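**Student:** Quick one: the structure is below, questions incoming.
The values are calculated or read from the model by the stated rules, or taken from the named source; none is laboratory data. Note that the structure is predicted; figures quoted are calculated from it, not measured. Ideal geometry is used to build each Cβ from the backbone, glycine not excepted, and the neighbour counts take in all protein chains shown.
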Amino acid sequence: MWRCINRLDYGTKYCKKSPTLEEGAIQNAIIRAITDLANTDPLALETLKLHIEMGLQASAPDENAALRLRLNELNGALIEMVAASTVGGVDNTADDTLCNGIEEEILSLQARLAEIEGSQKESESKSQRLAESSPHSDNTTP
């Protein structure tokens, strides 16, 4: 149950019309809203998944997830700009310049993401080789 803390502490003195809400009803409303959003905007669902992934990670945010989130945001912005210019039919040099800037940032982020993923694979490979070269490693399970 969810209630206003002032109502719990002071009764109806400060919160005369504060409702009591069941947590299940709140969760169902959130799930319905997310489902509706996902059905109308798959990009928003991907952004939500990335935010959840970042929230579930340790206290230090993962640069990989942050880069993917930014890429997702930029791709969404680029799609919106292209759609708007297609509908408007207006040739706008400022929009072209902005689109080019977004595309350059996307390429830069993709390169950084590839670099990070390459470093992670290299680190994993080194760790694996180190584990295999350990004198106590006999590659059998106890």
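**Student:** Just to be sure I understand, how many residues within the stretch 53-65 are surrounded by 14 or more Cβ atoms within 10 Å (Cβ to Cβ) and either at pLDDT 75 or above or in contact with a Phe, Trp or Tyr (Cβ under 7 Å, 6 or more places away or on another chain) (or both)?
**Tutor:** The number of residues fulfilling the criteria is 2.
**Student:** Same structure, new question: Given the conditions (1) at pLDDT below 75; (2) more than 30 Å from I31 (Cβ to Cβ); (3) surrounded by 10 or more Cβ atoms within 10 Å (Cβ to Cβ); (4) not aliphatic (A, V, I, L, M), report the number of the one that S125 does not fulfil.
**Tutor:** (1)
**Student:** Continuing with this model, one more query. Do we have L50 as surrounded by 12 or more Cβ atoms within 10 Å (Cβ to Cβ), under 19 Å from the mean Cα position of the chain (by Cα) and either modelled with pLDDT of 80 or more or of a type in the set (V, I, T) (or both) here?
**Tutor:** Details: surrounded by 12 or more Cβ atoms within 10 Å (Cβ to Cβ): yes; under 19 Å from the mean Cα position of the chain (by Cα): yes; either modelled with pLDDT of 80 or more or of a type in the set (V, I, T) (or both): no.
Against the criterion (surrounded by 12 or more Cβ atoms within 10 Å (Cβ to Cβ), under 19 Å from the mean Cα position of the chain (by Cα) and either modelled with pLDDT of 80 or more or of a type in the set (V, I, T) (or both)), L50 does not qualify.
**Student:** Any residue in the stretch 20-37 that is at negative phi sitting within a Cβ distance under 6 Å of a residue that is in a strand (DSSP E or B) and surrounded by 10 or more Cβ atoms within 10 Å (Cβ to Cβ)? List the pairs, counting only those 6 or more apart or interchain.
**Tutor:** L21/W2
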